[in-house]
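See structure below.
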Amino acid sequence: MLEVRDITMRFGGLVAVGGASFSVPKGAIVGLIGPNGAGKTTLFAVIAGFLTPTAGSVRFEGDDITAMPTHRRAARGIARTFQIVQPFAGLDVRENIAVGAYLRHASASEAHRRAEAVAQRVGLGADLDKPAASLTVAGRKRLELARALATEPKLLLLDEVLAGLNPSEIRDIVPVIRAIRDEGVTILMIEHVMQAVMNLCEHVHVLAQGKLIAQGDPPSVCADPAVVEAYLGRGAAERLRLEASHA
Amino acid sequence: MTRHTALWIALLLAAIAVAPLLTASNAALNFIVFVLIIALAAQGWNLLGGVAGQSSFGHAAFFGTGAYVSALLQLRFGVNAWAGLAAGIAMGALVGWVIGFLSFRAGLRGSYFALVTLAFAEVLRILANAMGFTGGAAGLLLKLDLGFANLQFSSRAQFLWLALGFVALGLIISLRIAATRFGAQLVAVRENEDAAKALGVDVLSVKLRAIAISGAMTAAAGVLYLQYFLYIDAQIAYGVWISVEALLAAMVGGRGLVLGPIIGAFTLHGLGEATKAFAGRVPGIDLMVYGGVLVLVVAFAPGGVLGLLAKLRPKSRRSGETA
């Protein structure tokens with residue numbers, strides 16, 4: 001469904017992403033993980049159309065969308081959430097979600113009806129009339145998710161929707177994400193919370209210093225020495241292996 | 001909009017409409033007509049600056065364009081005043097669209113956008129002042145020819161009702177917009193452009209539509225000014241004063257709220273007149289009051305007069321005023 005080919009994103013002399021290629025099959029939940037500063041969010045911005053890559057192409061359902069503006073990608077069916085939540089602070093929860101719903105529904109009553117339905121789905125049903133600015137961090141993350149869902153996407157890009165949540169909040173939202181996939185939405189997620197990655201993703205790509213260094217199912221990726229070293233430093237994999245064998 | 005808000009709007013308009021029946025004082029009627037013209041210009045500003053969050057410092061560009069286009073068509077080409085009104089409004093929309101296209105496409109926001117609009121208005125002022133076609137520094141004087149067909153009225157009351165009709169139309173347009181997808185997208189653009197884009201909002205097109213409608217409304221105010229005073233020059237039509245009036249009325253009344261511009265225009269000019277009455281003939285004293293009011297509003301009541309009133313009202317009835 002989504003195909004990222006040789007994407008390079010350079011900011012002046014800094015190569016944020018260097019020749020990354022991967023694909024996301026229809027109906028999958030694919031994870032994109034990697035240490036801080038690896039270029040995950042930059043890659044997301046390229047896929048969603050916020051950045052034009054220095055080189056490479058993005059294809060969606062077979063069409064090249066590398067030069068397509070963000071709002072047209074949304075119309076094609078690509079929705080994203082933001083790592084740093086971006087609520088419309090002056091609006092209430094219903095109005096926030098309705099902005100997403102308006103993409104496919106021109107009438108205000110229909111958009112508000114959809115917004116309420118989506119809010120129920122992500123567990124914001126009780127907060128519809130609250131100002132977005134009054135929500136907790138967990139609430140704002142749900143709002144990000146709800147707004148993106150309200151655009152009725154085919155592909156949902158989730159940028160750390162679980163970061164900053166406590167374990168019980170994570171337990172609450174993981175089934176919500178799985179339910180979204182089960183209804184036919186393909187999901188690509190950046191996530192640091194490994195418990196959730198292990199739980200949700202069928203396939204994981206690991207990005208480190210702008211390059212994809214590993215891919216596979218979550219357990220095998222976690223066991224990959226290159227991945228361990230990317231997170232913990234050179235030699236860490238060897239040391240862990242030794243420690244494990246001594247224990 | 002709640003029934004409560006609708007009731008207030010109806011009451012306010014009715015109160016203004018019956019004013020000529022209660023007083024025959026020319027000073028009072030002049031005051032109301034002038035304030036209504038300012039309110040209409042401010043309604044235009046409010047759609048772009050208040051609802052869509054793109055603060056302009058150059059709405060004189062639209063006000064002046066409306067006035068000049070209509071005056072030139074009438075004087076130079078013998079066009080009917082009503083057709084001049086329509087043409088002035090259309091040109092206001094077009095000038096808005098062009099200024100918007102040039103500045104929004106370049107990604108200008110916030111104070112940069114405000115400065116560019118000021119520059120456009122100043123360029124137009126200097127051109128109108130310099131060219132013979134626009135009457136140069138002497139300005140343009142419409143021939144006094146009273147009659148409905150010429151959009152000139154012998155009675156101030158009739159003109160007041162005409163201006164009130166335009167303000168009511170502006171209210172209806174603002175209320176309609178607030179209740180639609182376009183209105184939601186305007187607010188989304190004001191609150192967070194990136195988030196709006198991600199949700200499929202075509203930010204450039206939304207801003208262009210906003211500035212075109214805004215320009216049309218403020219241009220209508222310019223034409224009304226022309227038809228009431230029958231005289232314009234570059235300093236009046238394209239002067240910074242009207243940009244400031246439009247912005248100030250909307251901000252003092254309640255930025256982004258449909259009733260804001262009307263409440264703000266009456267509050268400001270009411271205060272100005274009251275000060276003149278009390279302070280006597282100290283030149284510019286009303287302007288000092290404007291400055292003081294602006295400082296107070298920005299510092300203590302960012303929601304304007306309506307925001308202040310909403311705070312005083314009981315909580316349960318507060319939600320109705322937002323638009």
Out of everything in region B:48-94 that is outside any helix (DSSP H, G or I) and not hydrophobic (A, V, I, L, M, F, W, C), what residue ends up being nearest to the chain's Cα centre (by Cα)? B:H59
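Which ones in region B:174-194 are aliphatic (A, V, I, L, M), over 20 Å from the mean Cα position of the chain (by Cα) and buried (at least 24 other Cβ atoms within 10 Å of the Cβ)?
Passing the criteria: B:A184, B:A188, B:V189.
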(1) closer than 26 Å to A:H192 by Cα; (2) surrounded by fewer than 19 Cβ atoms within 10 Å (Cβ to Cβ); (3) within 12 Å of chain B (Cβ to nearest Cβ); (4) not acidic (D, E) all hold for A:T52 apart from (3)
Checked against (1) closer than 19 Å to B:T180 by Cα; (2) more than 13 Å from every other protein chain (Cβ to nearest Cβ); (3) among the polar types (S, T, N, Q), A:S109 satisfies every condition except (2)
Looking at region A:73-102 only, could you name the residues that are facing chain B (nearest Cβ under 8 Å), out of contact with any strand residue (DSSP E or B) (no Cβ under 7 Å at 6 or more places or on another chain) and under 13 Å from B:K197 (Cβ atoms)? A:A74, A:A75, A:Q86, A:F88, A:V99, A:G100
Considering each residue of region B:34-79, count those that are under 30 Å from B:N192 (Cα atoms), of a type in the set (S, T, N, Q) and buried (at least 24 other Cβ atoms within 10 Å of the Cβ), and give that number. 4
Residue tally, condition buried (at least 24 other Cβ atoms within 10 Å of the Cβ) and not in a helix (DSSP H, G or I), over region A:125-150: 0
Just one of (1) of a type outside the set (S, T, N, Q); (2) within 14 Å of another protein chain (Cβ to nearest Cβ); (3) in contact (Cβ under 8 Å) with a residue 60 or more places away in the chain trips up B:R181, so point out which. (3)
Where A:G139 falls short, out of the listed (1) under 18 Å from A:V118 (Cβ atoms); (2) without any contact (Cβ under 8 Å) to a residue 60 or more places away in the chain; (3) outside the structural domain of A:E116 (by TED's automatic domain parsing): (3)
Going through region B:186-195 in order, the residues found to be at the interface with chain A (Cβ under 7 Å from one of its Cβ atoms) and farther than 13 Å from B:L47 by Cβ are B:A188, B:E191, B:N192, B:D194, B:A195
Within region B:165-172, identify whether any single residue is surrounded by fewer than 22 Cβ atoms within 10 Å (Cβ to Cβ), touching a helix residue (DSSP H, G or I) at 6+ places or on another chain (Cβ under 9 Å) and either within 12 Å of chain A (Cβ to nearest Cβ) or of a type in the set (D, E) (or both), and answer yes or no. no
Give region B:235-252 a look and list any residue that's crowded, with 24+ Cβ neighbours inside 10 Å, over 12 Å from the mean Cα position of the chain (by Cα) and part of a helix (DSSP H, G or I), or say none. B:A237, B:V252
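Looking at A:L188, is it more than 20 Å from A:R94 (Cβ to Cβ), in contact (Cβ under 8 Å) with a residue 40 or more places away in the chain and within 14 Å of chain B (Cβ to nearest Cβ)? Write out each step before concluding.
On the way: more than 20 Å from A:R94 (Cβ to Cβ): yes; in contact (Cβ under 8 Å) with a residue 40 or more places away in the chain: yes; within 14 Å of chain B (Cβ to nearest Cβ): no.
No, not satisfied.
Return yes or no: is A:R73 charged (D, E, K, R), closer than 29 Å to A:V4 by Cα and surrounded by 23 or more Cβ atoms within 10 Å (Cβ to Cβ)? Steps first, answer last, please.
On the way: charged (D, E, K, R): yes; closer than 29 Å to A:V4 by Cα: yes; surrounded by 23 or more Cβ atoms within 10 Å (Cβ to Cβ): yes.
Taking the combined requirement at face value, the residue satisfies it.
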Just checking, which of B:A210, B:A299, B:A216 is surrounded by fewer than 24 Cβ atoms within 10 Å (Cβ to Cβ) and in a helix (DSSP H, G or I)? B:A299
Taking region B:259-277 and keeping residues more than 15 Å from B:V293 (Cβ to Cβ) and surrounded by fewer than 19 Cβ atoms within 10 Å (Cβ to Cβ) leaves B:A277
Of the conditions (1) within 14 Å of chain A (Cβ to nearest Cβ); (2) in contact with a helix residue (DSSP H, G or I) (Cβ under 8 Å, 6 or more places away or on another chain), B:S205 satisfies every one except a single condition; which number is it? (2)
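The values are calculated or read from the model by the stated rules, or taken from the named source; none is laboratory data. Please read these numbers as outputs of a predicted model, since none were measured by experiment. No Cβ is skipped: glycine too gets one built from the backbone with ideal geometry, and neighbour counts run over all protein chains shown.
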